[in-house]
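The values are calculated or read from the model by the stated rules, or taken from the named source; none is laboratory data. Everything quoted here is computed from the prediction, not taken from an experiment. For neighbour counting, all protein chains shown are included, and Cβ atoms are generated from backbone atoms with ideal geometry for every residue, glycine included. Note: areas computed on protein heavy atoms with side chains; ligands, DNA, RNA excluded. Shrake-Rupley method; radii C 1.70, N 1.55, O 1.52, S 1.80 Å.
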Amino acid sequence: MEKLYQTLLGLCLLLLANQASAQSTSISGTVKDSSGTVLPGVTVSLKTNPSTASVTNADGQFTLNVVSSTMPVTVVFSFVGYSPKEMPITPGSN
């Protein structure tokens, strides 16, 4: 019984260590059209994981939370009436 307890405890510690190493970072910005007008309602998502997505607010601002280990990423911006735009994001980029 004690061996089973030690094994389960070891697995739990391994899972906790794995979660701690998967740290997240955020990508944020403001979406504007070519004339500089902010665009509310733009869908902003990760190309490799479209379920990680956000929608720009009334000021065109968005924030995406991503796992640091997946950086760099490609962000896809899509909006009705516009062609989708892809932008590579690397750590420290603006």
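Tabulated data for the structure shown
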quantity: Given (1) at pLDDT below 80; (2) touching a Leu at 6+ places or on another chain (Cβ under 7 Å); (3) not basic (Lys, Arg), index of the condition Asp33 fails; calculated: (1)
quantity: Any chance Val75 is farther than 20 Å from Gln23 by Cα and out of contact with any helix residue (DSSP H, G or I) (no Cβ under 9 Å at 6 or more places or on another chain); calculated: no
quantity: Scan of region 40-87 for residues that are under 15 Å from the mean Cα position of the chain (by Cα), within 18 Å of Thr30 (Cβ to Cβ) and open to solvent by 60 Å² or more (accessible area, probe 1.4 Å), ordered by number; calculated: Val55, Gln61, Thr63, Asn65, Glu86, Met87
